[in-house]
1. With a/c under 1.5 counting as rounded, go ahead and sort the protein assembly as shown into rounded, prolate or oblate using the C-alpha gyration tensor (a ≥ b ≥ c being the square roots of the eigenvalues; past the cut-off, prolate if a/b is larger than b/c, else oblate).
2. When only Cα pairs under 8 Å and 6 or more residues apart are kept, what is the percent relative contact order across chain B?
3. What's the carbon and sulfur percent of chain B's accessible surface, probe 1.4 angstrom, rounded to a whole number?
4. Which value in nm describes the separation of the simple spin-label points at B:ALA119 and B:ASN269, placed 7 Å from the Cα toward the beta carbon?
5. Charges only on Cβ, +1 for Lys and Arg, -1 for Asp and Glu: so what's the dipole of chain B about the Cα centre, in debye to the nearest 20?
6. Would you mind listing how long chain A runs along its three principal axes, going by Cα atoms, in whole Å with the largest first?
7. Of A:THR405, B:THR444, B:ALA119, whose Cα points farthest to the positive end of the dipole of the protein assembly as shown (charges on the beta-carbon: +1 Lys, Arg; -1 Asp, Glu; origin at the Cα centre)?
8. Go ahead and estimate [θ] at 222 nm for chain B from helices alone: -39,500 (n - 2.57) per DSSP H run with n ≥ 4, summed, over the residue count, rounded to 500.
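The values are calculated or read from the model by the stated rules, or taken from the named source; none is laboratory data. In this text, all values refer to a predicted model and were calculated from it rather than measured experimentally. Heads up, the Cβs are rebuilt from the backbone with ideal geometry, glycines too, and the neighbour counts pull from every protein chain shown. The accessibility values were calculated without ligands, DNA or RNA, using every heavy atom of the protein model including side chains. Shrake-Rupley method; radii C 1.70, N 1.55, O 1.52, S 1.80 Å.
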Amino acid sequence: MIVSIPRETFSGECRVAASPTTVKKLLKMGFEKVLVERGAGEKASFSDAAYEQAGASVVDTAAALSQGDLVLKVRALSDAETGRVKEGAHVISYVYPASNKPLIEKLAARKVTLLAMDCIPRISRAQKMDALSAMSNISGYRAVIEAASHFGSFFTAQMTAAGRVPPAKVLIVGAGVAGLAAIGAARGLGAVVRAFDTRAAVREQVQSLGAEFLEVLVKEEGEGGGGYAKVMSPEYIKAEMELFAQQAKEVDIVITTALIPGRPAPKLWEKRAVENMKPGSVVIDMAAEQGGNCELTVPGQVVVHNGVKIVGLTDYPSRLPTTSSELYGNCLLNLLTDMGGGTGYHVDLSDEAVRGALVLHEGALMWPPPVVEPSPQAAQAQKPAAAAPAPEAAAKAVKPKRPYTAIAGVLLLGLWLFLKFTQTGAASPATLAFLQHLTVFVLAVFVGWQVIWSVTPALHTPLMSLTNAISGIIIVGAMLQTTGTSGTAALIVSLVGALLAAINIVGGSYVTQRMLQMFRK
Amino acid sequence: METVLLTIAYLASSVFFILALRGLSNQETARAGNVYGMIGMGLATLATFLAIKGGTTASYSLLMGALVAGSVIGSIMAARVAMTAMPQMVALLHSFVGAAAVLVGFASFLNPGDHAGSAIFVVEVGVDIAIGAITFTGSVVAFLKLDARISGKPLVLPGRNFLNLAMLIGIVVTGVLFGRAEGIEAAMIWLLAMTAISSLMGIHLVAAIGGADMPVVVSMLNSYSGWTAAAAGFMLGNDLLIITGALVGSSGAILSYIMCRAMNRSIWNVIFGGFGTPAATSKAATPEGEVRDIDVEALTAELQAAKEVIIVPGYGMAVARAQHAVYELTSLLRKNGTRVRFGIHPVAGRLPGHMNVLLAEANVPYDIVLEMDEINEDFESTDVVLVIGANDIVNPGAETDPGSPIYGMPVLKVWHSKMCVMSKRSRAAGYAGVDNPLFYMENTRMLFGDARDKVSELVTALKAGR
């Protein structure tokens, strides 16, 4: 199979579908030949010589499209390009099938098999080929860099000899892949970062990157399946707008990344919010291509309103062309590996990732794919929620209330009955003495119970050696027994007892002291 | 000395003992607590010595000799023992209490004084000797196990619960026969028989419990030694013994309870359950995947870059005597500006609080040594977790795998950190015989080798790297 890498013709597009490294891997994977159009990698800093060194053949525009069995591209084919593609060829690129019907019809007529990189499903297994996420990550980073270049101050707080500079306050709206990357980049530059998202699930991710997570008081879950957000209720949106209008007074930089699949971008940053901002502030509207999150955004341009710069760039990935091309190429490689590589290349309809991306199969329309289960995160989130009550219930079932009071009562009753029926007549002095000792004993157990619970766990070993030492109090018993009248046997036995108890007392106290002396701050 | 004064001295001693335990509630007052304990003990001994009546010069001097000899032996033992050998030492001391209680019981029976013929007295003697004998032999077995003189593996005899029951019945029967026997010689025979059965039971009870359950066993024996003293108090009609025994007994009981809770098991399960037997482990899912290792050089770089480091020590650190090297590592990292803390699981080691004592010995400040509950939420923001010689206490299977025998046991959630490095001698499973899914996690790296050698190498590399 011959793979071809044409030059991107879309104006301003600096990326290319494969870097020289990608080419090398394609050949290693078993594709017989890789054709690269002359100058394809120029804007991404890949020279034709580098491609040739990697094993590709550098060819003319016409040959690049017409000879390839498998065409790898970034942007969707243009009208002119469509006509030159070989009949029955396979094409992999961004397609956006929902808004590119005419293109699809034309390619269908030429029996083309078309795979859309923008339709790779968001499942864990397909993450390695998810070009959208890879590009979003780059965009988020680049958006911060653009903001920095338009912003008239430092991001980080600085204490200089000439005076103090406060840190920049950055608000990120929408904590998807791009938003999270922007949080990371802005934090890296030293800014104070806040983030807002309608999906409560991302709170942890936001906080893990060191940003503050803003919330509105209206409770509503914004998780809309596939890991994307959904449209919120009017009350929620109103509260959200209030929050933004407030935040606008405080923040220096706003980066909006809010997108809802299949709809124009929601208008989140109203004109009044822009007017609330300090002059010199920057709004980076990453949703400009889909109409923009800011009311004043002009796609592709930087406009100034009341001293606030509103950046509506649409080509962030293309502004980091080398890395974007490299990562896009890797996504393609990962997809091709799953499709069998160069030797075993085939379109497997049972493969969820391939099926999701497949728009045309030998000219037949395959899009949209049958609906499979929604977002993996949502499924994961539901599972523990469903599973949680079970163990709790089980714990309740196996842990009945223990009737300590009842047990104590039964024991006391038993004791009374025992003493009543074993002793005739009035209670003997021995019985009375026993009861008196029992009282002391029970009270002492309670005192012990209270005191021991307050011992800090770090001192449990010294506690054991100390209690061990004081349990050597049995020495008192041994000593009292040495003065009996009934001969040497008792004397010897008690002397040995006293000896052992003395070892215990002195050894235990000393070792406790040794341990306690080591504990220091 | 008059009885009144003796009683008051005993009362003062009791108060001192309570103050001693109270003092242990935190590190600042702990030393004062121990001093209270010693004062109480000295007071009680002195008062008793002065109060003994009717002895001969010979008996006084013999007693004096016994006390002095015991003190000397005790001091030498305490001065010599290494902090890593503390579990053995504690177990051995428990056995002395048990033995002393048995001997006092016999002496008391031979020398009943005005108690002669009292039914309650006879019962008290029996109870004192039975508990004392169990404590004695149990502690000796625990000592031998902890000192690795016999295998730490649980001894599983067929029908061992039945054996325990039979022995218990045997103790009760011989005890009753002892109480009913006519004449001192017949009684003595039954009493000796009961002592023998109790001793066997003590051996069997402790032999059946494996190495990692030792914290529970030792604290249980601690408890028994207290109840023994209390039983002796009843026997001799001595309130000081009763109070002290009750204090110690409840202390040991609470410690056992805390240890059991830390393992999510009931005390009965620890004493009678066949933990660690093959049947229990076979159900656990075998984790799959690849074990990645790390060398000292790479780990050094990670540690230098880390801002937050938590060290989780286990019994392996005690075995390798690595605590001093760990301290050196800690102080180097702290000098480097890294925040280093220690996470201690309640059952790490072979004694409650064992790890704290070892770290204290190595001069690690106690305010960076934290309990499981204090530190468990902080792993997420930690760059590197260094697990030294611990296994079951960091097993994620305890949370996720219902088939695992340690399922439900609270563990240190080290896998939430950015990187978790396990220093281990080999890939072998921990005491519980459970494979640890942590080894196969993506953020886990293994540092194979002797803990002390590896930590020392780290220290050298860190010193060279600055």
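1. Values: a/c = 2.94, a/b = 2.65, b/c = 1.11.
Prolate, because a/c is 1.5 or more and a/b exceeds b/c.
2. On the way: 765 pairs, mean separation 61.7, N = 466.
Averaging sequence separation for qualifying contacts and normalising by length gives 13 percent for chain B.
3. On the way: 11320 of 18300 Å².
C and S atoms contribute 62 percent here.
4. Placing both labels 7 Å along Cα→Cβ, they lie 4.2 nm apart.
5. Numbers: 30 positive and 35 negative charges, 123 e Å.
Charge dipole, chain B, about its Cα centre: 600 debye, nearest 20.
6. That works out to 123, 61, 48 Å along the principal axes.
7. The residue sitting most towards the positive pole is B:ALA119.
8. Numbers: 18 runs with 285 residues, N = 466.
Mean residue ellipticity at 222 nm (helix-derived): -20000 deg cm²/dmol.
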